[in-house]
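Chemist: Just passing along the structure, written as structure tokens.
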Amino acid sequence: MSRISEVFKHRGVDGTRALISFVTAGDPTLAHTLPALNALVQGGVDILELGVPFSDPEAEGPAIQRSSERALANGVTLDQVLDVVRQFRETDQTTAVVLMGYLNSILAMDQFAEKASGAGVDGLIMVNLPPEEATEIQAQLLAHDIDLIYLLAPTTTAERAKFILSKTSGFAYCVSLKGITGADNLRTAEVADKLQALRAMSNVPLCVGFGIKDATTAAQVGEYADGVVVGSALVNLMTQKQSPVDVAANLKQAAAKLRDGLDSLG
């Protein structure tokens, strides 16, 4: 069983929700990334979503766009992102790691699936990869035990959602609102209705991201979802001009508050 599947199996047994965090590799420097990942796990994160810096992150809001810009200015490459995961695996063989980015970066690397698996990557989210065009890459990923995770938008039709759910593995990433990451117009009732409809189509775990900023919003969404994804709020903590140790301490504290918010539902 994959690390991602283990997360939802464990959370399903005890009735709690998975906490998924997002930070961009190499932001504000590459030296910050590994301490950040370790701190997030210490704070209670189940799945680490690690952003691969890209020059045109079209689905992202200002905070995550700027994080990519800073990482690219630091010269961070996909090889270096995988090296961070490899270093993380030296001390943590349990926590799931998912890379999130855009297709161009992956296509530019020969034998990506093999290299990512060797580094310890468990899943991949490609924002701009339609499932109709993913047959070859998905086969390569699954051959190396890497889940290809798809996004579902609030505007996705029922027919389209059923198709996407049949293709996703690990979990489905349900976008909570129309717009970009970091937006503020989260409507919990609409999220609940959408998740109820999706559950009638598939038993794949449903995780919700976009607009979740704190323990309160995490708990509101967690009441209906199998997991929540928090990105911009954590990325904003990375922008503080502090040492890797100090930034890591802030991330650990923020993750612990989110974990407490989700656990209050149990």
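Chemist: Looking only at segment 117-130, how many residues end up being closer than 26 Å to ALA153 by Cβ and crowded, with 16+ Cβ neighbours inside 10 Å? Break it down into steps so the answer makes sense when it comes.
Modeler: Initially, segment 117-130 is screened for residues closer than 26 Å to ALA153 by Cβ, giving 121-130.
Still in the list and also crowded, with 16+ Cβ neighbours inside 10 Å: 121-127, 129.
Summing the residues that are closer than 26 Å to ALA153 by Cβ and crowded, with 16+ Cβ neighbours inside 10 Å in segment 117-130 gives 8.
Chemist: Working only within segment 143-156, note down all residues that are modelled with pLDDT of 95 or more, surrounded by fewer than 18 Cβ atoms within 10 Å (Cβ to Cβ) and of a type outside the set (Gly, Ala, Ser).
Modeler: Those that are modelled with pLDDT of 95 or more, surrounded by fewer than 18 Cβ atoms within 10 Å (Cβ to Cβ) and of a type outside the set (Gly, Ala, Ser): HIS144, ASP145.
Chemist: Out of VAL247, VAL235, report the one residue that is in a helix (DSSP H, G or I), buried (at least 17 other Cβ atoms within 10 Å of the Cβ), in contact with a Ser or Thr (Cβ under 6 Å, 6 or more places away or on another chain) and not basic (Lys, Arg).
Modeler: VAL235 is the lone residue from the list that is in a helix (DSSP H, G or I), buried (at least 17 other Cβ atoms within 10 Å of the Cβ), in contact with a Ser or Thr (Cβ under 6 Å, 6 or more places away or on another chain) and not basic (Lys, Arg).
Chemist: Here's something else I'd like to know. Within segment 1-48, take every residue that is of a type in the set (A, V, I, L, M, F, W, C) and farther than 23 Å from ASP83 by Cα and give me the one that is modelled with the lowest pLDDT. Reasoning before the result, please.
Modeler: First pass over segment 1-48, keeping only residues of a type in the set (A, V, I, L, M, F, W, C): 1, 4, 7-8, 13, 18-20, 22-23, 25, 30-31, 34, 36-37, 39-41, 45, 47-48.
Pick out the ones that are also farther than 23 Å from ASP83 by Cα and you get 1, 7-8, 13, 18-19.
Details: MET1: 73, VAL7: 97, PHE8: 96, VAL13: 82, ALA18: 98, LEU19: 98.
Among them, the one singled out is MET1.
Chemist: Say whether the condition of being in contact with a Ser or Thr (Cβ under 7 Å, 6 or more places away or on another chain), charged (D, E, K, R) and crowded, with 24+ Cβ neighbours inside 10 Å is met by at least one residue in segment 18-32.
Modeler: Yes, segment 18-32 contains at least one residue that is in contact with a Ser or Thr (Cβ under 7 Å, 6 or more places away or on another chain), charged (D, E, K, R) and crowded, with 24+ Cβ neighbours inside 10 Å.
Yes/no matrix, rows are residues, columns are (1) surrounded by fewer than 22 Cβ atoms within 10 Å (Cβ to Cβ); (2) in contact with a strand residue (DSSP E or B) (Cβ under 6 Å, 6 or more places away or on another chain); (3) not charged (D, E, K, R):
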{"residue": "ILE47", "(1), (2), (3)": "no, yes, yes"}
{"residue": "ASP56", "(1), (2), (3)": "yes, no, no"}
{"residue": "GLY75", "(1), (2), (3)": "yes, no, yes"}
{"residue": "ASP79", "(1), (2), (3)": "yes, no, no"}
{"residue": "MET100", "(1), (2), (3)": "no, yes, yes"}
{"residue": "ASN104", "(1), (2), (3)": "yes, no, yes"}
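Chemist: Test GLN253 against the criterion of being within 19 Å of ILE20 (Cβ to Cβ), of a type outside the set (Asp, Glu), more than 18 Å from the chain's Cα centre (by Cα) and crowded, with 16+ Cβ neighbours inside 10 Å, and give yes or no.
Modeler: no
Chemist: Right, something else. Inside segment 212-232, can you point out the residues that are of a type outside the set (S, T, N, Q), over 14 Å from VAL45 (Cα atoms), in contact with a Gly (Cβ under 9 Å, 6 or more places away or on another chain) and surrounded by fewer than 24 Cβ atoms within 10 Å (Cβ to Cβ)?
Modeler: Within segment 212-232, LYS213, ALA219 qualify.
The values are calculated or read from the model by the stated rules, or taken from the named source; none is laboratory data. Here the structure is a predicted model, which means the values were calculated and not measured. We place every Cβ from the backbone using ideal geometry, glycine too, and count neighbours over all the protein chains shown.
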